[in-house]
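Asks: One structure, as structure tokens, below. Some questions next.
The values are calculated or read from the model by the stated rules, or taken from the named source; none is laboratory data. Here the structure is a predicted model, which is why all the values come from computation and not from measurement. Every residue, glycine as well, gets a Cβ built from its backbone with ideal geometry; the counts of neighbours run over all protein chains shown. For the accessible areas, the whole protein counts, side chains as well, though only heavy atoms, and no ligand, DNA or RNA atoms are used. Shrake-Rupley method; radii C 1.70, N 1.55, O 1.52, S 1.80 Å.
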Amino acid sequence: MNPFLCFVLQAWNPSSCQVSSMETSRFLRDYAVWEINAFLWISLITITYFLSYKLFKLFKLWNQACKIPGPPSPSFYGHFTSLSKQNLTEVLSDSHEEYGSIVKLWLSPKQLLVSIKEPEIIKEMLLKAKDKLPLTGKAFNLAFGRSTLFASSFDKVESRRESLASELNVRLLDGANLIPTKAVDHIMAELHQNMTEGSINCKMTSQHMAFTLLGATIFGDTFLSWSKSTIYEELLMMVAKDACFWASYSVIPFWKQGFWRYRRLCTELKWLTQDLFQQCSKYRQYHHMEPSANLGMEAGVFLQDNISLQEINGRLNVRDESCCTIMSLLFHGCLTTGGLINNMLMRLVTHPEIQHKIYSEIIMAKKGLEDKAQPVVEKMPLLLATIYESARVMPAGPLLQRCSLKHDLRLKSGVIVPAGAILVVPMQLVQTDDSSRGNDAGKFNPYRFLSKTEKTSASENMDASIAGHAEEHKDQRKCTFVLKDPNKNPTFLPFGSGARACVCQKFVIQGVATLFASLLEQYEVRLRSGSKTDSKPSTNYSMSQDFLSSELVFARRNN
């Protein structure tokens, strides 16, 4: 820089060549000081503006939040300390009882949580608040890679959600084979093999059943014959387990060895996913299949639309977006579907009379069918009602979360929720509320999803005899049961609602029903002798905790 300045000075004033070296050095020092001062002033103004903007947003948040009812914050750090010592659902229950249907809790000075319990307000909120928390998308991206299907902003996921809903609910649901028969047979064979060793863990078995169903639906028969499926399942759950922990860091913790070990596991998971893609490619080529052939059985619905054969070569060069989407779908679907299967199993063992009636319903529904191996779950209303009731009483998660990232949320009740606040629905409080479900809202009762209808024809009388095994009533020859639409009740939210509701609801319900129709036809589910499971917990909020590690026995039926 000094030669350049000397050149400029000489060009501007020829006589400057005669200037002493001392004066030149002084000028350069003054120039450097001027530059440094200018840089410091610009930095100071920028930082001051940034901090002022942050402070303004913080005061705006506090001002808007003070208009929402809720318990006063015990300290500057909010309710975080009390929430870590007490169950969040219990805290929200006490707050709603004291402050009304909309309450706020401060999780930190900058993080506001707003809980809503009123069904009509919940419906409005779920329609307007379409975003997810940024941490959720960050955790998915860290574990599986970037995928637009699990982005926080709804604008980025809308088109992919519509495409996925079309594939699952139209092409699969309306197809001849909703769940591959081989997938159910595979699960039953594994179950029979495991039962020779004694009882099995309910939670782990439910997770494996869900994983097998989803894997077979996405990848077809290739998944069932894949030798690495067990390793893949364990690695998938291991990677997902620690995702939120590492995503909670604002800056990537490159100084921690545990983080790099975690990243190696993520890379290994991706390699296994790519290996599975290649196995599917070989299966197609070996059987001379077109991408659209045998939908959902051989090629896999997601493979045919998102990944072409040219993208799967000897170096496992799979498009990252599709690979990440598949891993995310497997984990999310395995978590929620596995939870539903676990809840269903535990309800069957704690209510053996319901299990017996469902078994009778399955046997009667299959009479007269040409294909005895493929159950028709539409003719099993009690089975479907039991699945809905299991999801209602014990939802997969305690909270249904939403967020409005860009705009304040204005509700018809007059409450304005600031942008960025965490909006939650306490699932168990809402779904077991006496005001919407009656005095028995906290009890397990599948018949709340069924209604009686009179039958007059001979064929209808036969259906009535089937329903007679489902519930005791005076005239079995003239009454049968019809399944109600559970989504007509705004308090039924195990699959969410509104713009960001689960697009796989119909697919999951039908798949789980198909699995249990085959399962209960062959086995009677019992609790292992000596296993302690409280079928009537002391509080409604601890139901899911009582069933986490129960040991089950599947007794083979004689027929």
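Asks: Output the residue which, of all residues in the range 60-78 that are closer than 18 Å to Glu97 by Cα and surrounded by 14 or more Cβ atoms within 10 Å (Cβ to Cβ), is modelled with the lowest pLDDT.
Replies: If we take residues in the range 60-78 being closer than 18 Å to Glu97 by Cα and surrounded by 14 or more Cβ atoms within 10 Å (Cβ to Cβ), then Ser73 is modelled with the lowest pLDDT.
Asks: Could you check the range 212-241 and list, in sequence order, the residues that are free of Cβ contacts under 8 Å to residues at least 24 places away in the same chain and assigned to a helix (DSSP H, G or I)?
Replies: Ser225, Ser229, Thr230, Glu234, Lys241, listed by residue number.
Asks: Please give the number of the condition Lys156 fails out of (1) touching a residue at least 24 places away in the same chain (Cβ under 8 Å); (2) open to solvent by 50 Å² or more (accessible area, probe 1.4 Å); (3) of a type in the set (Lys, Arg).
Replies: Answer for Lys156: the failing condition is (1).
Asks: Next question, about the same structure. When only residues in the range 115-145 that are surrounded by fewer than 21 Cβ atoms within 10 Å (Cβ to Cβ) and of a type in the set (S, T, N, Q) count, which is nearest to the chain's Cα centre (by Cα)?
Replies: This residue is Thr136.
Asks: Exactly one condition in (1) modelled with pLDDT of 50 or more; (2) open to solvent by 50 Å² or more (accessible area, probe 1.4 Å); (3) closer than 18 Å to Arg146 by Cα is not met by Asn317; state its number.
Replies: Asn317 satisfies every listed condition except (1).
Asks: Kindly indicate the residue of the range 325-369 that is of a type in the set (Gly, Ala, Ser) and out of contact with any Ser or Thr (no Cβ under 8 Å at 6 or more places or on another chain) and also most open to solvent (accessible area, probe 1.4 Å) among those meeting that condition.
Replies: Step by step, filter the range 325-369, then rank; the result is Gly368.
Asks: Are any residues in the range 413-447 in a helix (DSSP H, G or I), open to solvent by 30 Å² or more (accessible area, probe 1.4 Å) and touching a residue at least 60 places away in the same chain (Cβ under 8 Å), and if so, which ones?
Replies: Result: Ser436, Tyr447.
Asks: Further, regarding this structure: Can you spot a residue in the range 102-116 that is under 22 Å from Leu411 (Cβ atoms), in contact with a Leu (Cβ under 8 Å, 6 or more places away or on another chain) and part of a helix (DSSP H, G or I)?
Replies: Among the residues of the range 102-116, not one is under 22 Å from Leu411 (Cβ atoms), in contact with a Leu (Cβ under 8 Å, 6 or more places away or on another chain) and part of a helix (DSSP H, G or I), which makes the answer no.
Asks: Here is a follow-up. Taking Met209 and the conditions (1) closer than 26 Å to Cys266 by Cβ; (2) open to solvent by less than 20 Å² (accessible area, probe 1.4 Å); (3) modelled with pLDDT under 80; (4) of a type in the set (A, V, I, L, M), which numbered condition does it fall short on, given that it satisfies the others?
Replies: In the conditions (1) closer than 26 Å to Cys266 by Cβ; (2) open to solvent by less than 20 Å² (accessible area, probe 1.4 Å); (3) modelled with pLDDT under 80; (4) of a type in the set (A, V, I, L, M), Met209 misses (3) alone.
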